[in-house]
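Everything on this sheet refers to the single structure shown next.
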Amino acid sequence: MIERMVAFWSEEDGCGITSGMAAVASVCADVWQRKIILLQSRNQEGDLCQKLGNGARTQIFVQEEDRSERRDGWDQQPAPDRNQQPTRERLFACLIPVVRGRMYYLPQGDYKKREKYPGYMKEEMRQTIDLAEQMSDLTFVDCGSGRDDLSEFLLSMADVAVIGISQERQNLDAYFQNRHVYRGNVVYLVNQYQQESIYNKKNLNRLFRLGEEELTVIPGNPVFRHVSDRGKTERFIRRHMKCRFYDHQYDFMKELMQTTRIILKAAGYEKTIRSPPLKMQPALPYTKLTGQRDCRKLQI
């Protein structure tokens, strides 16, 4: 089993890193049957429960007033400064199942960003990530946004760094003029992607000299955004993962599948994934009389 850590991070707020990570993880679990564990860094608000629900197949939406009572998985891990070692059993007991046997996440409370983090906190996260890697095919870590000591530490550990970018020229210039060199492979992700923008995928590749498989996108989709904010990300992916070209979600799912395939390839799964993963039907021929798609000619 290949064990890989994939870190998701963006320099600016509002790039949709958490929702993008949850969507990619859902595709990995539902389409490619990978075992996934999702974690969030202790430098941000823990909101994975808002994207993935409170338990397998229940998808309970977490109300704003209930967040103060949220269970924090990090606080239940043994503290390294007390010479306690974390175990798989203890970590597994803290995980919330999204798809039993394939997809889990560690819940956490709200944390405020600091400039510096104590060494024991980094060691605690490193040990937990090591255990998660042993228990899964892929470990996804949401590093939040902005530069800080903890994000840099986690990105330095990652086998793949997924960097969230926007389609705003000022923000793009600020990032690419000072971008870091990471240890592992790097994939750039534009969430809420708008093809009509002047900074579309083709122009981003040309302006910043990115390869075809360095830049990925998740199209803007108000339906997906609505269900994701209500804890139903995985349910949406499972429902539409076999959609045909005439489905309203076809283009969205096609791009999301491609994004996931590129991230899996960067993580070393190129030889074990099918491409494309789904039997998406070609466009239907137009009838001569009406100019409309002829659904009777669809080959199932």
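The values are calculated or read from the model by the stated rules, or taken from the named source; none is laboratory data. These numbers were taken from a predicted model, which means no experiment stands behind them. Cβ placement follows ideal geometry from the backbone for every residue including glycine, while neighbour counts extend to all protein chains displayed.
Structure notes:
- Listing of helices (runs of 4 or more DSSP H) fully contained in the range 102-177 that carry 3 or more residues being charged (D, E, K, R) and in contact (Cβ under 8 Å) with a residue 40 or more places away in the chain: 119-135
- The residues listed here are ASP229, ASP149; of these, the one that is surrounded by fewer than 17 Cβ atoms within 10 Å (Cβ to Cβ) and in contact with a Lys or Arg (Cβ under 7 Å, 6 or more places away or on another chain) is ASP149.
- Residue match in the range 44-55 (condition: out of contact with any His (no Cβ under 7 Å at 6 or more places or on another chain), of a type in the set (S, T, N, Q), at pLDDT 90 or above and crowded, with 21+ Cβ neighbours inside 10 Å): no
- Residue within the range 191-206 that is β-branched (Val, Ile, Thr) and in a loop (DSSP other than H, G, I, E, B) present: yes
- ARG209 in a loop (DSSP other than H, G, I, E, B), out of contact with any helix residue (DSSP H, G or I) (no Cβ under 8 Å at 6 or more places or on another chain), surrounded by fewer than 14 Cβ atoms within 10 Å (Cβ to Cβ) and touching a residue at least 60 places away in the same chain (Cβ under 8 Å): no
Okay, residues lined up against (1) among the acidic types (Asp, Glu); (2) at pLDDT below 95; (3) loosely packed, with under 15 Cβ neighbours inside 10 Å:
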{"position": "HIS248", "(1), (2), (3)": "no, yes, yes"}
{"position": "LEU256", "(1), (2), (3)": "no, no, no"}
{"position": "LYS265", "(1), (2), (3)": "no, yes, no"}
{"position": "GLU270", "(1), (2), (3)": "yes, yes, yes"}
{"position": "TYR286", "(1), (2), (3)": "no, yes, yes"}
{"position": "GLY291", "(1), (2), (3)": "no, yes, yes"}
{"position": "ILE300", "(1), (2), (3)": "no, yes, yes"}
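- Lone qualifier among LEU172, LEU131, LEU189 - being closer than 20 Å to THR18 by Cβ and either crowded, with 22+ Cβ neighbours inside 10 Å or hydrophobic (A, V, I, L, M, F, W, C) (or both): LEU189
- Checked against the criterion of being crowded, with 21+ Cβ neighbours inside 10 Å, without any contact (Cβ under 8 Å) to a residue 24 or more places away in the chain and not acidic (Asp, Glu), the candidates ARG261, ARG239 yield just one match: ARG261.
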